[in-house]
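J.: Please find one structure pasted underneath; my questions will follow.
Please treat every number below as a calculation from the coordinates, not as lab data. Quantities reported herein were computed from a predicted structural model and do not represent experimental measurements. Please note: Cβ atoms are built from the backbone with ideal geometry, for glycine as well, and neighbour counts cover all protein chains shown.
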Amino acid sequence: MKFLDKTFIPQQKVSHIIIDDRIPKDIEYELKNRNIEIIKTYGCEELYEAVKYHADMQMCYLGKGDIVVAPNLYEQYKNILSGYGFNIIKGTNYIKNKYPYNISYNVALFGDYAIHNFEYTDENIIKYINDNNIKKINVKQGYSKCCICIVDENSIITSDAGIYKEVLKYNKIDCLLIKTGSIDLFDMNYGFIGGVSGLLSYDELAFLGDIKKHPDYNKIKEFVNKRGKNIISLGTNKLIDLGSIIPVMTRKE
């Protein structure tokens, strides 16, 4: 096994992911059937119930084994993740209950870009972005990763009009705007496309539930297929937002 070099975009088949501890059994079975080891999250008591186990709210994987983790949960994750060889970096921003003090780690990193409300981004993530000459795309939407499905280094899907408008300024980024809703998020009104998705290899984009049940499925399928990716539905029920599939290790192939 080896660590992903770049955040969210594996080059080989994924062997390990980090995901919400409340993952439904049918989805867990599908992932394990693909020989993927699931590292389940801890609950963050400072977050509200629907997202308290969401990995994309608690941490940010930077690539090459480096993970920035909120200080609220640093000791818990250090204990479990160090055993896999990860370098656990203690974040500077404590997660608090209310927006915008719960968004510090919810950064969408893909290719040469980072999307977030950078007024509230943890300084360890900012340092990584600056050190690697990654372009910062500043948006008002602090739940950036929640709202963004990463397809490849230059392609994303979102239901957030503000994010869509901002990335249109960058000629090299392709962005598909879809309808809001049609995604479950526990006791909330609806979840988001970033929170239900993740790449399981360079050419396989997986969804937590049945993506065919989304009203924009045909548009999503066309957009993804045009970029040489196949869609995988990890279940037969409605899509469920579990705070992203975060791929962290791949097979040596």
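J.: Only one residue in Gly191, Gly198, Gly142 is touching a residue at least 24 places away in the same chain (Cβ under 8 Å), surrounded by 20 or more Cβ atoms within 10 Å (Cβ to Cβ) and more than 21 Å from Thr7 (Cα to Cα), so which one is that?
T.: Criteria check complete, one pass: Gly191.
J.: Scan the range 159-176 for residues that are crowded, with 18+ Cβ neighbours inside 10 Å and either in contact with a Lys or Arg (Cβ under 7 Å, 6 or more places away or on another chain) or not in a loop (DSSP other than H, G, I, E, B) (or both) and jot them down.
T.: Ser159, Ile163, Tyr164, Glu166, Val167, Cys175, Leu176 - these are the residues of the range 159-176 that are crowded, with 18+ Cβ neighbours inside 10 Å and either in contact with a Lys or Arg (Cβ under 7 Å, 6 or more places away or on another chain) or not in a loop (DSSP other than H, G, I, E, B) (or both).
Conditions (1) touching a Gly at 6+ places or on another chain (Cβ under 7 Å); (2) surrounded by fewer than 19 Cβ atoms within 10 Å (Cβ to Cβ), marked per residue:
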residue	(1), (2)
Ala70	yes, no
Gln76	no, yes
Asn79	no, yes
Ser82	no, yes
Asn87	yes, yes
Thr92	no, yes
Tyr113	no, no
Phe118	no, yes
Asp122	yes, no
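Conditions (1) within 22 Å of Ile19 (Cβ to Cβ); (2) in contact with a strand residue (DSSP E or B) (Cβ under 6 Å, 6 or more places away or on another chain), marked per residue:
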site	(1), (2)
Pro71	yes, yes
Gly91	yes, yes
Phe118	no, yes
Lys127	no, no
Asn130	no, no
Gln141	no, no
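J.: For the range 1-36, how many residues are charged (D, E, K, R), closer than 24 Å to Asn237 by Cα and free of Cβ contacts under 8 Å to residues at least 60 places away in the same chain?
T.: Summing the residues that are charged (D, E, K, R), closer than 24 Å to Asn237 by Cα and free of Cβ contacts under 8 Å to residues at least 60 places away in the same chain in the range 1-36 gives 4.
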